[in-house]
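Each remark here refers to the structure printed beneath this line.
The values are calculated or read from the model by the stated rules, or taken from the named source; none is laboratory data. Here the structure is a predicted model, which means the values were calculated and not measured. For neighbour counting, all protein chains shown are included, and Cβ atoms are generated from backbone atoms with ideal geometry for every residue, glycine included. When the accessible area is computed, the model is the full protein with side chains, heavy atoms only, and any ligands, DNA or RNA have been set aside. Shrake-Rupley method; radii C 1.70, N 1.55, O 1.52, S 1.80 Å.
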Amino acid sequence: MTWSQMQPLLEQACWETLVMVGWSTLISVVVGLPIGVLLVLTDRGGLLQNSLVNKVVGQIVNVGRSMPFIILMVALMSFTRWITGTTIGSEAAIVPLAIGGIPFFARLVETAVREVDHGLVEAVQAMGGNTWTIVRRVLVPEALPSLIASTTTTIIALIGYSAMAGTVGGGGLGDLAVRYGYQRFETGLMWVTVAILAVAISLIQFAGDYAARSLHHRGGRPDAGPKLRLLKTREPATADAGKTG
């Protein structure tokens, strides 16, 4: 197979992989972030301690993480058909990819948020900050470098999942590699696909590491003092306004 024959196939497969990974990453982050934070808040000694909620949510996350993706895809075929109207193609693959990515990212978020210095939380509580203020001003900002690294890990995992999705008609580079590289013995196309995936993953990892380091140096834990001072100066100002009123 010549390059002119490979090019349109590779372009289409790359676009399908980008769509699958992009949408599934977005859904995983939007849904997984609050779940991960909730696991921390409802844990023993947390701000919203609730052992029942923590155990139920934690068990659901564990089940989602423990299931191999190829089995998850098969198990969700009926649900995927109900959502998208089909079980093949890149659009259909987004459903199991997102459902598989949510618990994966949620656990990474939980680990990242647990690393935040509890002294910062206690300081904001002493200033009268409520749970939402602590999450918005302390937990998420202080864990942001780790959250960026977690997102990078999730994207790379979803790229691997998308390749597996291609083996059952999910489209993308995995489907191209199986149909042409394996079934039609087009070894050259197979190695081009492998090279594209390797370069893409390397670039994503580099960009994620760079962003995480930049945020850690620019913000992160060493600069928590100014943030707390800013919160502290706002509290007296609010109290003075109430007295003059």
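Assorted remarks:
- The stretch 57-70 - residue that is at pLDDT 90 or above and open to solvent by 90 Å² or more (accessible area, probe 1.4 Å) and, of those, nearest to residue 99 (Cα to Cα): 60
- Hits in the stretch 114-133 (condition: in contact (Cβ under 8 Å) with a residue 24 or more places away in the chain and acidic (Asp, Glu)): 115, 117
- Residues of the stretch 80-111 that are open to solvent by less than 30 Å² (accessible area, probe 1.4 Å), polar (S, T, N, Q) and either farther than 23 Å from residue 61 by Cβ or not in a helix (DSSP H, G or I) (or both): 90 alone.
- Whenever a residue of the stretch 10-27 is open to solvent by 10 Å² or more (accessible area, probe 1.4 Å), its partners that are of a type in the set (D, E, K, R), lying with C-beta atoms within less than 9 angstrom and at least six residues away or across chains, give the pairs 16/175; 19/91; 23/91.
- Residue in the stretch 177-194 that is open to solvent by less than 50 Å² (accessible area, probe 1.4 Å), of a type outside the set (Phe, Trp, Tyr), over 28 Å from residue 13 (Cα atoms) and at pLDDT 85 or above present: no
- If the condition is being in contact (Cβ under 8 Å) with a residue 40 or more places away in the chain and either open to solvent by 30 Å² or more (accessible area, probe 1.4 Å) or within 18 Å of residue 31 (Cβ to Cβ) (or both), then the stretch 134-145 contributes 135, 137, 139, 140, 141, 144.
- Identity of the residue in the stretch 1-22, over 18 Å from residue 169 (Cα atoms) and of a type outside the set (A, V, I, L, M), that ends up nearest to the chain's Cα centre (by Cα): 22
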